[in-house]
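Reviewing the structure listed below.
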Amino acid sequence: MTADDMWRRVLAGVAVVGAASASPAFAADAITLTLGGRIKEFFVVASQTQAPAENLNSTGMFNDTRLSVEGKTALDNGISIRAFVRFNAVARETKDIDEAYVDVVSSFGRLRIGEKAGVNTTTIGDPVPQAFLSVDEEIISDALVPRTGITLRDAFTFKRFTGNALGVAYQTPEILGVKVGVTYHPTVTAAVGPINNQLNPHNAIDVTAGYEGDFAGGTYRIASGYFHMASRNGGNDGVQAWNLSLGATYGGWELSGAYMNVKPHSRLDETAWTVGLLYGIGPLQISADYRAAERRPFLAAAMKEHVDRATLQTAYKLAPGVVVGLAGFYGEQTDASGADWDGGGVLGGIKIDF
């Protein structure tokens, strides 16, 4: 998306929200521009079951480097406007732009237009607390060779179906602790303009509600959503799904979990669940989490594919924006033939956010 396209969307958002306002809107603040980014470097040592023809290297490295630009302003009638673009700074990526969207926020709620995951992902965030890694860093699934059709990448929010596809989202303001949102993605490909429904899945809808509350010494939250995407004409690559996320904090402790039920139009149904616990004291954090998923490999299959994984992590904050960490992991997989594959290892690295 070009800068002209982005600011055209800003002006369109201002026109929509401004028309609903009681008085004319004028810029109360000058537009502020902020540059940021992140650099993350990881080193992995893993041992796992190998097929007869394989010769897997036990070591590997992963990195994630991105740069971001944010522009925002506030109008004198209380409306705020924010434009955000994040670039992949590594040439290996197939897309230069990771996220590019505009937010228009008023007392009527939040309107978001552009390339961004839907309200389900932004409402739930990380399904479980992790001391070092995050939901965007599903590195362990890369370190352990997949032996099934199951994915643990974005396995508990609807981002797994859409990624950061072009779309429009609206979320209500918080009312008695509750927020409700809806996102529409015309397509989940890089295509723009009219979509050929013969070629691509289309019309993805994400409806999600979340509630946050507190009790003496802590907080709790719950979120649930429904997703549907139509198949390409004559195809069966659409999907419907629902999920549930629960979490609570108390002192330095955080406990949360999530569940996802996926029903592809191919009828290869899949379920996944996870639970995790984190404790933090000062600059040190420690966490443990477990996740498991199963799916039908083909129609009328006698057995299901299955994967599970346990992870123990620790992280230490060296300075603002600088974190070092270590994680140990172990996973098991059962493929469509009933064969078992297992593996584990250790991951370490550094993360710098600026």
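The values are calculated or read from the model by the stated rules, or taken from the named source; none is laboratory data. Since the structure is predicted, the reported quantities are computational estimates derived from the model, not experimental observations. Quick reminder, even Gly has a Cβ in these numbers, built from the backbone with ideal geometry, and neighbours come from all protein chains shown. What goes into the accessible areas is simple: the full protein's heavy atoms, side chains included, and nothing from ligands, DNA or RNA. Shrake-Rupley method; radii C 1.70, N 1.55, O 1.52, S 1.80 Å.
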Over the stretch 174-185, the set of residues at pLDDT below 95 and open to solvent by less than 60 Å² (accessible area, probe 1.4 Å) is GLY177
Say we look at the stretch 174-232 and pick out the residues that are of a type in the set (Ser, Thr, Tyr) and touching a Lys or Arg at 6+ places or on another chain (Cβ under 9 Å); which of these is nearest to ALA248 (Cα to Cα)? TYR211
Options ASN200, ASN164; residue that is part of a loop (DSSP other than H, G, I, E, B) and more than 17 Å from GLN240 (Cα to Cα): ASN164
The stretch 284-298 - residue that is of a type outside the set (D, E, K, R) and without any contact (Cβ under 8 Å) to a residue 40 or more places away in the chain and, of those, farthest from GLN130 (Cα to Cα): PHE298
Please work out which residue is most open to solvent (accessible area, probe 1.4 Å), limiting yourself to the stretch 59-98 and to residues that are in a loop (DSSP other than H, G, I, E, B) and touching a residue at least 60 places away in the same chain (Cβ under 8 Å). LYS95
Report every pair of residues separated by at least 6 positions or lying on different chains whose Cβ atoms are under 8 Å apart, first residue within the stretch 338-352 and closer than 16 Å to LEU133 by Cα, second of a type in the set (Lys, Arg) and part of a strand (DSSP E or B). GLY349/LYS40; ILE350/LYS40; LYS351/ARG38; LYS351/LYS40; ILE352/ARG38; ILE352/LYS40
When the stretch 176-198 is checked residue by residue, the ones that are closer than 23 Å to PRO127 by Cα and β-branched (Val, Ile, Thr) are VAL178, VAL180, VAL182, THR183, VAL188
Restricting to the stretch 296-354, count the residues that are part of a loop (DSSP other than H, G, I, E, B), among the aromatic types (Phe, Trp, Tyr) and either closer than 24 Å to SER47 by Cβ or open to solvent by less than 50 Å² (accessible area, probe 1.4 Å) (or both). 0
How many residues does the stretch 31-56 hold that are open to solvent by 80 Å² or more (accessible area, probe 1.4 Å), free of Cβ contacts under 8 Å to residues at least 60 places away in the same chain and either more than 29 Å from GLY349 (Cα to Cα) or part of a strand (DSSP E or B) (or both)? 5
Within the stretch 35-66, can you find the residues that are over 12 Å from VAL90 (Cα atoms), of a type outside the set (A, V, I, L, M) and touching a helix residue (DSSP H, G or I) at 6+ places or on another chain (Cβ under 8 Å)? GLY60
When you scan the stretch 217-235, do you find a residue that is within 26 Å of GLU138 (Cβ to Cβ), at pLDDT below 95 and open to solvent by 40 Å² or more (accessible area, probe 1.4 Å), even just one? no
Filter the stretch 131-147 down to residues that are open to solvent by less than 20 Å² (accessible area, probe 1.4 Å) and in contact with an Asp or Glu (Cβ under 8 Å, 6 or more places away or on another chain) and give me whichever is farthest from GLN50 (Cα to Cα). GLU137
Return the residues of the stretch 299-332 that are within 19 Å of PRO129 (Cβ to Cβ) and touching a residue at least 40 places away in the same chain (Cβ under 8 Å); say none if nothing qualifies. ARG309, THR311, GLN313, THR314, ALA315, VAL323, GLY325, LEU326, ALA327, PHE329
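Take SER106 and tell me if it is closer than 30 Å to PRO297 by Cα, small (Gly, Ala, Ser) and open to solvent by less than 40 Å² (accessible area, probe 1.4 Å).
no
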How many residues, within the stretch 241-250, are open to solvent by less than 70 Å² (accessible area, probe 1.4 Å) and either under 26 Å from ILE195 (Cβ atoms) or not in a strand (DSSP E or B) (or both)? 2
